[in-house]
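Novice: Could you have a look at this structure, given as structure tokens, before my questions?
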Amino acid sequence: MMRPSEKEGLSASPLMWTADRPSTVFVQGQGSWLTDKEGNNYLDFVQGWAVNCLGHSHPALVKAISEQAGRLINASPAYFTDRLLELARKIVDHSAMDKVFFTNSGAEANERAIKLARKWGQIHRSGAREIITMHNSFHGRTLATMSASGKPQWETLFEPKVPDFVKVPLNDIEAVRNALTERTVAVMLEPIQGEAGVIPASREYLSALRDLTSREGILLVLDEIQTGMGRTGTLFACEQAGIEPDIMTLGKGIGGGFPLGALTAREPVCCFEKGDQGGTFNGNALAMAAGLAVFEIVSRREFLEGVRRKGEYLRVRLEDLSSRAGQDRVRGQGLLLAMGLDSDGGPRIVEEAFARGLLLNSPRPDTLRFMPALTVSEEEIDRMIGILEEILVRERFS
Ligand SMILES: *Cc1c(COP(=O)(O)O)cnc(C)c1O
């Protein structure tokens, strides 16, 4: 059942067209639910692409943003604010990283990570500046982060790209070893490739990468923009692999829906000099207040235990459904899960689900991705499974 797309339904919209959106207009959100202009409710298993980790309009986040807005919104990156210092301290205290630079998005955090690695290579590795990245990886949509990404569809888009990214297949340590030269300064990857369809880097591979990069004296950069902030059941996914990167980037969940990202690094890597970095909105007090409210909740032990418990529940329910509906297996960790499909029916299933009041995502035609709020309830998981089951059973037998 085709919904009128933005192109057809809202063709007079002054918005620049870049994607087909349903013509539905959302006006309100609460927890795992979105409401449209007509008053219809939708169960949201997209949550802004794994962004709204506390769900829509969580009271603690609303309170923090409202109160901060009334006190101080922005003091300029030229000055400290109480909130800026507090959030940086929290991140450092809860991670293996020593220093933080705040950004407004994930791509911006990765862009800064690339700059930091290049600067470090200039100072410590005779100008080495090549970064090894992974096939099918996703690091953002600025020109440099697009160049770092391994998305096949982007290969010829917006040429010329930023040079000096060398791409290798994921989970192949030999390929990294073979790509390594004296020009290499870093290896950069996602612990679980999100946009590629939830493809995990194996524990052994991450551990081997840590050993290899340390031995070769180059940097290991982890893009935890999608996997960080509790999404996989620990505050950061690298904790489960038992490794510590040299540089780690954060985004998505860190602001709980408020635009925020962060470049974090170990002390010896921090070689920016005065004037090397900056940005008008970086570290503004309002974003910091949002980040603090999210961090205080997500970093609690009981909260992370809840993510692991609900992630396990979702996985079991998906595996059960997948085997009954003749679909492929379930991948991922915590509340970042995907179901492989035995066909390219992903986009059609997403459309069907939308018509039944369920928001789902298909990052690849043969994959459904599940990234609910970390506060999702088991009843909401059951409800999602119920709707998906109706669709999959019909898909299979129609
Ligand atoms: C979403 C994402 C980005 C880009 O973040 P934006 O905030 O959209 O710029 C980068 N890397 C990964 C792994 C992501 O999932």
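Novice: Nearest 0.05, what FRET efficiency do LEU212 and GLU38 give at R0 = 45 Å with Cβ-Cβ as r?
Specialist: Numbers: r = 56 Å, r/R0 = 1.24.
That pair, LEU212 with GLU38, gives E of 0.20.
Novice: Right, next: Full-extension gain between ASP344 and LYS115, please, as 0.36 nm times their residue separation minus the C-alpha to C-alpha distance. Before the final figure, lay out each step's value.
Specialist: On the way: separation 229, 0.36 × 229 = 82.44 nm, distance 3.82 nm.
Answer, rounded to one decimal: 78.6 nm.
Novice: Mind running the shape call on the range 248-397? Use the C-alpha gyration tensor, a ≥ b ≥ c as the square roots of the eigenvalues: rounded below 1.5 for a/c, prolate if a/b tops b/c, oblate otherwise. Please report the intermediate quantities before stating the final value.
Specialist: Details: a/c = 2.48, a/b = 2.10, b/c = 1.18.
Prolate, since a/c reaches 1.5 and a/b exceeds b/c.
Novice: Averaging sequence separations of C-alpha pairs under 8 Å and six or more residues apart, then dividing by the length of the range 293-345, give the relative contact order as a whole percent.
Specialist: 27
Novice: Now for a separate question. Below 8 Å between Cα atoms, with a sequence gap of 6+, how large is the relative contact order for the chain in percent? Provide the component values of the computation, followed by the final result.
Specialist: On the way: 788 pairs, mean separation 88.1, N = 398.
Reported relative contact order: 22 percent.
Novice: Moving to a separate point now. Let me have the relative contact order for the range 27-146, percent, based on Cα pairs under 8 Å that are six or more residues apart. Could the numbers behind the result be given before it?
Specialist: Working: 78 pairs, mean separation 16.4, N = 120.
Over the range 27-146, the number comes to 14 percent.
Novice: Roughly how tilted is helix 106-124, in degrees to the nearest 10 and between 0 and 90, from the longest Cα axis of the chain?
Specialist: 20
Novice: Could I ask something else about it? Write down the Kirkwood hydrodynamic radius of the chain, to one decimal in angstroms, obtained as one divided by the mean of 1/r over all alpha carbon pairs. Spell out each step's value before the answer.
Specialist: Working: mean 1/r = 0.0457 Å⁻¹.
The answer is 21.9 Å.
Novice: Shifting gears a bit: Residue by residue through the range 313-324, which ³J(HN,Hα) values in whole Hz follow from phi under the Karplus form 6.51 cos²θ - 1.76 cosθ + 1.60 (θ = phi - 60°), with glycine and proline marked x?
Specialist: Result, ordered by residue: 4, 4, 4, 4, 5, 5, 5, 4, 4, 4, 6, 6 Hz.
Novice: A further question on this structure: Compute log10 of I(q)/I(0) for the range 53-123 with the Debye formula, placing one identical point scatterer on every Cα and leaving out solvent, at q = 0.13 Å⁻¹, to two decimals.
Specialist: Scattering profile of the range 53-123, log10 relative to I(0): -0.56.
Novice: Hey, another quick one. Starting from the 7 Å offset along Cα-to-Cβ, what nm value, one decimal, do you get for the label separation of LEU85 and ARG309?
Specialist: 3.8
Novice: Hey, another quick one. Using 1/(1 + (r/R0)^6) with R0 = 35 angstrom and r between the beta carbons of MET16 and THR280, what's the FRET efficiency to the nearest 0.05?
Specialist: The formula returns an efficiency of 0.95 here.
Novice: Under a Cβ-Cβ cut-off of 13 Å, what is the net charge of the residues other than LEU314 that fall near it, where Lys and Arg count +1 and Asp and Glu count -1?
Specialist: On the way: positive: ARG231, ARG308, ARG309, LYS310, ARG315, ARG317, ARG331, ARG369, ARG383; negative: GLU312, GLU319, ASP320, GLU378, GLU379, GLU380, ASP382.
Value of the local net charge: +2.
Novice: What value, in deg cm²/dmol to 500, does the helix sum -39500 (n - 2.57) over DSSP H runs of n ≥ 4 give at 222 nm once divided by the residues of the chain? List each step's numbers first, then the result.
Specialist: Working: 13 runs with 151 residues, N = 398.
It lands at -11500 deg cm²/dmol.
Novice: In addition: Using +1 at the C-beta of Lys and Arg and -1 at the C-beta of Asp and Glu, which of ILE132, PRO160, MET188 has the Cα lying farthest in the positive direction of the dipole of the range 128-207?
Specialist: PRO160
Novice: Rounded to the nearest 0.05, what FRET efficiency is calculated for LYS151 and CYS271 with R0 set to 30 Å and r the Cβ-Cβ distance? Display every interim value, and only then the final one.
Specialist: Values: r = 30 Å, r/R0 = 0.99.
With R0 = 30 Å, the Cβ-Cβ based efficiency is 0.50.
Novice: Amide H of GLY233: which non-local residues (sequence gap of 5 or more, or other chain) have their own amide H closer than 5 Å, using H built in the peptide plane?
Specialist: LEU335
Novice: Would you please classify the overall shape of the range 90-143 from the alpha carbon gyration tensor, given that a ≥ b ≥ c denote the square roots of the eigenvalues, rounded means a/c under 1.5, and beyond that prolate means a/b larger than b/c while oblate covers the rest? It would help to have the intermediate numbers written out before the result.
Specialist: Working: a/c = 1.86, a/b = 1.15, b/c = 1.62.
In terms of gyration-tensor shape, oblate.
Novice: Could you give the dipole magnitude of the chain about its Cα centre, charging the beta-carbon of Lys and Arg +1 and that of Asp and Glu -1, in debye to the nearest 20? Mind showing how you got there, number by number?
Specialist: Numbers: 46 positive and 52 negative charges, 114 e Å.
My answer is approximately 540 debye.
Novice: On to the next question. In vacuum, with every alpha carbon of the range 134-200 counted as one equal point scatterer, what does the Debye formula give for log10 I(q)/I(0) at q = 0.12 Å⁻¹? Two decimals, please.
Specialist: Log-scaled intensity ratios, in q order: -0.30.
Novice: I would also like to ask the following. Would you list ASP20, ASP44, ASP164 from the most to the least accessible area, probe 1.4 Å? Mind showing how you got there, number by number?
Specialist: Working: ASP20 105, ASP44 5, ASP164 40 Å².
From most accessible down to least: ASP20, ASP164, ASP44.
Novice: Another question, if that's okay. Might you tell me the accessible area per residue for the chain, computed with a 1.4 Å probe and given in Å²?
Specialist: Values: 17940 Å² over 398 residues.
In whole numbers, the chain has 45 Å² accessible per residue.
Novice: Test of understanding: extend the Cα→C-beta vector of LYS99 to 7 Å, then name every residue of the range 240-284 with backbone N under 13 Å from that spot.
Specialist: Under cut-off, by backbone N: 247-248, 263-278.
Novice: Using 0.36 nm times the number of residues separating VAL166 and ARG301, minus their current alpha carbon distance, what extension gain do you get? Don't jump to the answer; show the numbers that get you there.
Specialist: Working: separation 135, 0.36 × 135 = 48.60 nm, distance 3.87 nm.
Contour length minus Cα-Cα distance gives 44.7 nm.
Novice: Please report, as a whole percent, how much of the solvent-accessible surface of the range 126-175 comes from carbon and sulfur atoms (probe radius 1.4 Å).
Specialist: Details: 1380 of 2530 Å².
The computed percentage sits at 54.
Novice: Also, I was wondering about something else. Rounded, prolate or oblate for the range 155-257? Axes are the square roots of the Cα gyration tensor eigenvalues, ordered a ≥ b ≥ c, and the cut-off for rounded is a/c under 1.5. Could the numbers behind the result be given before it?
Specialist: Working: a/c = 1.79, a/b = 1.21, b/c = 1.48.
Because a/c hits 1.5 or more and a/b fails to exceed b/c, the range 155-257 counts as oblate.
Novice: Let me ask something else. Taking the Cα centre of the chain as the origin and placing charges on Cβ (Lys, Arg +1; Asp, Glu -1), which of PHE295, ASN178, CYS238 is farthest toward the positive end of the dipole?
Specialist: The residue sitting most towards the positive pole is PHE295.
The values are calculated or read from the model by the stated rules, or taken from the named source; none is laboratory data. None of these values were measured; they are calculated from a predicted model. Please note: Cβ atoms are built from the backbone with ideal geometry, for glycine as well, and neighbour counts cover all protein chains shown. Protein only, heavy atoms only, side chains kept; ligands, DNA and RNA dropped before computing areas. Shrake-Rupley method; radii C 1.70, N 1.55, O 1.52, S 1.80 Å.
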